[in-house]
Number of protein chains: 2
Amino acid sequence: MPFTTPFADRLNNVETSAIRELFKLLGKPGIISFAGGFPDSALFDVEGIREASNAALTSEPGAALQYGATEGYNPLREQIAGFMQAKGATDVSPEQLIVTTGSQQALDLLGKTLISPGDKVIVEGPTFLATIQCFRLYGAQLISAPVDGDGVQTDALEHLIAEHKPKFVYLIPTFGNPSGALLSLERRRRVLEMAVKHRTLIVEDDPYGDLYFGAPPPPSLLALSAQVPGSREVLVHCGSLSKVLSPGLRVGWMVGPAELLAKATMCKQFSDAHTSTFAQATAAHYLRSGRLPAALERVRAVYAERAAAMGSALRRELGDAIAFVQPQGGLFIWARLTGAGGKVNDGGELARRAIEHNVAFVPGAPFYAAQPDASTLRLSFATVGVEKIEDGVKRLGQAL
Amino acid sequence: MPFTTPFADRLNNVETSAIRELFKLLGKPGIISFAGGFPDSALFDVEGIREASNAALTSEPGAALQYGATEGYNPLREQIAGFMQAKGATDVSPEQLIVTTGSQQALDLLGKTLISPGDKVIVEGPTFLATIQCFRLYGAQLISAPVDGDGVQTDALEHLIAEHKPKFVYLIPTFGNPSGALLSLERRRRVLEMAVKHRTLIVEDDPYGDLYFGAPPPPSLLALSAQVPGSREVLVHCGSLSKVLSPGLRVGWMVGPAELLAKATMCKQFSDAHTSTFAQATAAHYLRSGRLPAALERVRAVYAERAAAMGSALRRELGDAIAFVQPQGGLFIWARLTGAGGKVNDGGELARRAIEHNVAFVPGAPFYAAQPDASTLRLSFATVGVEKIEDGVKRLGQAL
């Protein structure tokens, strides 16, 4: 009789994502992929990172290679606080944030710290897939709040909060994955006000806010909290260098109330002791070098061009069979198949046909924690050049 | 009314360690500390790591800075498999291991993957403090198996396995933290045989096995499993570069049955997506450079000298008021206060007095998941030069 591993009950709450199966098909030669969620590695500031890591090893080799504080490497916490201050969260101090191993770990620590099995958590519909799975592993019961072109619908959100009294509400207000939506300034205020009124913790995940194409987005909930009395004590903000510098460093952070950060730090001690000090010291030196603003300008310009190209091509090639809001930042176009002219209106079906036409994207249904909209799809323009975008969208049109 | 964070129930199972409180006192000027659990950062091969990281950024900048596979960076998995093979685990292939963010994350993933609240786990008494807390956060009920100078007592362990039918047994067989004990070859075989007989999963944590002072230790349980039919399918092995290269890289690994690794990989996806590819690519290049054996020789020689110096000084200065087995490797001397001559026989009391004499160590009681032995203490010789070791032990004698 073979040995059967006695897995924990919590694993029954999740499954390996359907998207992973799709990704196995992407090795097909000649395929144009809009399926990824990655930044373009051709845009990484490799020389800047090399200089930063060499500077870290020269000036503080012990600190860069030794065990470090679970809360994070202090010079990096200072740099991150400065980065947040420059984006309008002027009152964030280094002590008000901890460094995490990517913002994925911030989500994991929130799950570990806050979610007991059966607890309710409100997320956007659609939301980040790894958030859904992460919170479910801790036994969360997820409630889905509807999203439109201006982000989460605040009237509906407030009803859901009043009805379900969730442990917390998880939002990606700025160019979220997958919706690409930008929560309006008015709705941002409303979210903070309802958090205070209902005494509900809000988690703002903000990995994409720096990737705007035209004007900067409205202030983050964190920055705006200075204007809404009492909101800061019910607000957690997660940030990351993954989309602005490099995902491979795995450097993220979490700003939050002191008591919550203390518990999250304790949990982190037993999760991975601390985030790589080598990566942290490198990131600290990079941020100090002053190269980030120029690097971000380049990245924004490239993504803006690709987003515009994809939007035009979609309108040209798919016409009224597809509907979407042109994104103002981020990595994604989130679209809906209308079925106009008797065309396919199921994202999963189109994804299968698309693979046959050598183009790939991710169907939208898995991004919903509940009530999936099967007509949706997510297209990333971030890693594909303009010509290939036009080619790929042509193929999509043929697959339709 | 101030907002009260609604923490998860699992936090009731743990508390911030007493040792952390002690560590706050270590900033006192002039103190000699045997309290740490760190390797000596003066022994890090900084130039080797610098070359490796530059090579990684030159030869594969995209891979070193981009998102990577959750299982780990393949060239690193190959290097780690080679490292394990060279230590006698000749049949380990890269596919049989995943890279973790330090071996602390391997423990966390084992907890997440295997432990349901109320599940029993057998650990050594004493064992690694962060293991106790990590497993308790997942709701484990810990059972403590007695340890002597030859490691865990296998007769007692087998009785406990038969009685409690644990989810798994967690052992640090080689120079463990804190006991420093070396599990004998005969007991290693018995552990594997009882794992097969009782169909019980064994977790071997092996961060210190390379730090031997004279002859190499007996083969790891992993290496030995080739000789005990059926044992490999009930064995998990955790390794780490923290004690042999640098803790700051946060590169560890876990070898285990395919089904378990698949679930642990799924969990890791939602814990931190993957371990820093920058750190992984650096580690891969370092291991490929062939510098590790010579670096390890230097480290072993230094720690061996310090361990010998501390042992002699303890016998000289504390005489029969202290009892310990001279360690054959690792970072620690684990000792017991005998009370001979009416001297202090409580580790906590001596720790307090020692601080007044400007010397620090960690009392042993917190390292027990159950039935603490209050007469024990842990002394690390790793980061203190020989002269200071002699000074510090003299002060300990005065504090006694």
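The values are calculated or read from the model by the stated rules, or taken from the named source; none is laboratory data. Every value quoted in this text rests on a predicted model; they were computed, and no experiment measured them. Cβ atoms come from the backbone with ideal geometry, glycine included; neighbour counts cover every protein chain shown. Keep in mind that these areas ignore ligands, DNA and RNA; they rest on the heavy atoms of the full protein, side chains included. Shrake-Rupley method; radii C 1.70, N 1.55, O 1.52, S 1.80 Å.
Rounded if a/c is under 1.5, else prolate if a/b beats b/c, else oblate: with a ≥ b ≥ c from the C-alpha gyration tensor eigenvalues square-rooted, which is chain B? Because its axes are fairly even, with a/c under 1.5, chain B counts as rounded. Computed 3J(HN,Hα) for the range B:87-93, one whole-Hz value per residue from the Karplus formula 6.51 cos²θ - 1.76 cosθ + 1.60 where θ = phi - 60°, is 9, x, 8, 5, 9, 7, 10, glycine and proline marked x. Extending 7 Å from Cα along the Cβ direction at A:Gln227 and again at B:Lys28 yields two label points whose distance is 5.2 nm. Dipole of the protein assembly as shown computed with +1 at Lys/Arg Cβ and -1 at Asp/Glu Cβ about the Cα centre; of B:Thr282, A:Gly82, A:Ser220, farthest Cα towards the positive end is A:Ser220. Partner lysines whose Cα lies under 16 Å from the Cα of A:Lys394, excluding those fewer than 8 positions away in the same chain, are identified as A:Lys343. By the rule of a C-alpha distance below 24 Å, with chain neighbours fewer than 8 residues away ignored, the lysines paired with A:Lys268 are A:Lys112, A:Lys120, A:Lys167, A:Lys243, B:Lys24, B:Lys112, B:Lys120, B:Lys167, B:Lys243, B:Lys263, B:Lys268. A:Lys343 contributes an accessible area of around 90 Å² to the protein surface, as traced by a 1.4 Å probe with all chains present. Take A:Pro2, push a point 7 Å out from Cα through the beta-carbon direction, and compare it with the same point in every other copy: 5.5 nm, smallest first.
Please report the net charge: other residues with Cβ closer than 9 Å to the Cβ of A:Ser271, K and R +1, D and E -1. Summing Lys and Arg as +1 and Asp and Glu as -1 gives -2. Working note: Cα atoms of the range B:157-226, range along each principal axis, descending, whole Å: 37, 26, 16. Charges were assigned to the Cβ only: +1 to each Lys and Arg, -1 to each Asp and Glu. The resulting dipole of the protein assembly as shown about its Cα centre is roughly 120 debye. In order along the range A:36-43, the Karplus-derived 3J(HN,Hα) couplings, from 6.51 cos²θ - 1.76 cosθ + 1.60 at θ = phi - 60°, round to x, x, 9, x, 7, 5, 5, 9 Hz, and Gly and Pro are given as x. Taking a sphere under 10 Å around the Cβ of B:Gly176 and counting the other residues whose Cβ falls inside, with K and R at +1 and D and E at -1, yields a net charge of -3. A simple charge model with +1 on the Cβ of Lys and Arg, -1 on the Cβ of Asp and Glu and nothing else charged puts the dipole of the range B:46-156 at about 320 debye relative to its Cα centre. Note on chain B: with a GNM built from Cα contacts shorter than 10 Å, the maximum mean-square fluctuation among B:Gly319, B:Gly36, B:Gly330 falls on B:Gly319. Label-to-label distance, B:Glu193 versus A:Lys343, with points set 7 angstrom from Cα along the beta-carbon direction: 7.1 nm. For the range A:28-164, DSSP calls about 25 percent of its internal beta bridges antiparallel. Around the amide H of A:Gly125, modelled in the peptide plane, lie the amide H atoms of A:Ala145, A:Val147, all under 5 Å away and 5 or more residues distant in sequence or on another chain. Taking amide H as placed 1.01 Å from N in the peptide plane, the amide H of B:Ser179 sits under 5 Å from none that are at least 5 places away or on another chain. Here's how it looks for B:Leu235: its modeled amide H is under 5 Å from those of B:Ile202, which are all 5 or more places away or on a different chain.
Reported to the nearest whole Å, the Cα centre-to-centre distance from the range A:21-90 to the range B:363-392 is 38. Accessible area per residue was computed with a 1.4 Å probe on protein heavy atoms; A:Arg188 scores about 0 Å². Of the complete DSSP H runs in chain A, those spanning 30 angstrom or more by Cα along the long axis with a mean Kyte-Doolittle score not below -1.0 are A:292-318. Against the empirical curve 2.2 N^0.38 Å, the C-alpha radius of gyration of the range B:294-399 lands at a ratio of 1.06. Computed with a 1.4 Å probe on the full set of protein chains, the accessible area for B:Arg336 sits at about 110 Å².
Please build a GNM for chain B, connecting alpha carbons under 10 Å apart, and tell me which residue among B:Gly209, B:Gly151, B:Gly348 fluctuates the most. Top of the fluctuation ranking is B:Gly348.
Placing +1 on the Cβ of every Lys and Arg and -1 on the Cβ of every Asp and Glu, with nothing else charged, gives the range A:101-250 a dipole about its Cα centre of roughly 340 debye. 3J(HN,Hα) along the range B:118-126: x, 5, 8, 9, 8, 10, 6, x, x Hz, from the Karplus curve 6.51 cos²θ - 1.76 cosθ + 1.60 with θ = phi - 60°, whole Hz, x for Gly and Pro. Taking label points 7 Å from Cα along the Cα-to-Cβ direction, A:Ala215 and A:His159 give a separation of 3.1 nm. DSSP bridge analysis restricted to the protein assembly as shown gives an antiparallel fraction near 55%, rounded to the nearest 5. Across B:Asp210, B:Asp150, B:Asp272, mean-square fluctuation computed from a Gaussian network of chain B (C-alpha pairs under 10 Å connected) peaks at B:Asp272.
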